[in-house]
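Just so it is clear, none of the values below were taken in a lab; they were calculated from the coordinates. In this text the structure is predicted, and so the values were computed from the model without any measurement.
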Amino acid sequence: MSLDEELRTTLGLEAGMRAVPPPDVVGLIHGGRARRRRRTLVRAAVAVAASMAVGAATLGYVTLDPRAEGEVVSPPSPSPRPILETYSDDGRAPLEPGTYVMLGGLRPNGTPVDVEVTVDGPGWKHGDFPLLSDRSGPAHAGFGMYQAFSLAAGDGCDPGSTVAAARTPTALATQLAGLPRSTVLRGPEPARILGSDAVHVRLRVDVDCPGYYRVAQTASGARGITYAPSGLPASDVVIDFWVLRAHDVLLVVDEWHDVDAPSDLVARAGDARESIRFVEGG
């Protein structure tokens, strides 16, 4: 069955995708003070963690949750790119312009699928995934690539419940379109990304949580999309998902921004997302 046929069949079986209108809020995100978290996972440990739907080892092989508490350090596994070791007061690492290695996912035999990404210009930081901040305001944008083990359920807030991720591009894209507190802006549709067939979805999500909104639990840790000054309401987020199968792994590429983010910030996040390339032999 072709991807188009699979998409039509799956959508025909889906009754009434839930789309909840977002609240009328002015946007700054809960960002919270982040305590630093120290992890020392090598690739073998990541492979084991994948089987448990828990993982960590991402950009530059350093991890930090959006609202993480504890200390952070890079795992000792070697990387062809600089390992990030200096963190800002909010617990996130400044990300200098350059090219970095990210863990995309893990093959069935446990070997990693790595990608390279390039970020340019000021304002980049590294949480669990690359984060771009508006230096003249509180808006944020970002992107990621990951293997989803489970998706948000309940109210979508960490540490709430999750559901197991589907195992085909169309089924997973349809699941993403039903994320809690989301409004579907563009339903599942065929697309191309990274030279592969994919299914694309665009949502608007109410990400205002006591902690942070967790889209998915991934091979690289929790995929959170709530960032901002503590004590202020979170703006809604617009997020695009592309779901594809590549290198024997079902992968998700995403790109998101606050609804009030300036156009140049959104464009820079898009440029960085478009820079993603599979590492040869990775």
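Numbers below:
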{"quantity": "Segment D248-A267, length gained on full extension (0.36 nm per residue, minus Cα span)", "calculated": "3.8 nm"}
{"quantity": "Karplus (6.51, -1.76, 1.60) ³J(HN,Hα), θ = phi - 60°, over region 154-166, in Hz, Gly and Pro reported as x", "calculated": "x, 8, x, 7, 6, x, x, 6, 9, 10, 4, 6, 5"}
